[in-house]
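K.L.:
Shown below is the structure under consideration.
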Amino acid sequence: MKSKVLLIYLPGVEIGYGPIFPLGIGYLLSAIRQDRETKAVHYELMDHAFKMLPDLLYSYQPEIIGISCTTFNRGN
């Protein structure tokens, strides 16, 4: 059985009319999903992450979790 992977992008940089989805997570998602069941989530607000992430972790039960950290969202 292949392990489930969850990639998480927390709020941070906003340019223009909305947050930018991280290119690095997109590359990882594309490469990893060839071999494993993979989900990526992009939270626009930290409140959303705090409210929705526990339910997602419980229902999806990933074995591997990747969390982005950039200069712009390091405080979150």
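The values are calculated or read from the model by the stated rules, or taken from the named source; none is laboratory data. Just so we're clear, the structure is a prediction, and the values are computed from it rather than from any experiment. Quick reminder, even Gly has a Cβ in these numbers, built from the backbone with ideal geometry, and neighbours come from all protein chains shown.
K.L.:
Considering only residues that are small (Gly, Ala, Ser) and exposed (fewer than 14 other Cβ atoms within 10 Å of the Cβ), which ones fall in the range 29-64?
P.N.:
Ser30, Ala31, Ser59
K.L.:
So, one more: Please enumerate the residues belonging to the range 41-67 that are of a type outside the set (A, V, I, L, M, F, W, C) and at pLDDT 85 or above.
P.N.:
Result: Lys51, Pro54, Asp55, Tyr58, Ser59, Tyr60, Gln61, Pro62, Glu63, Gly66.
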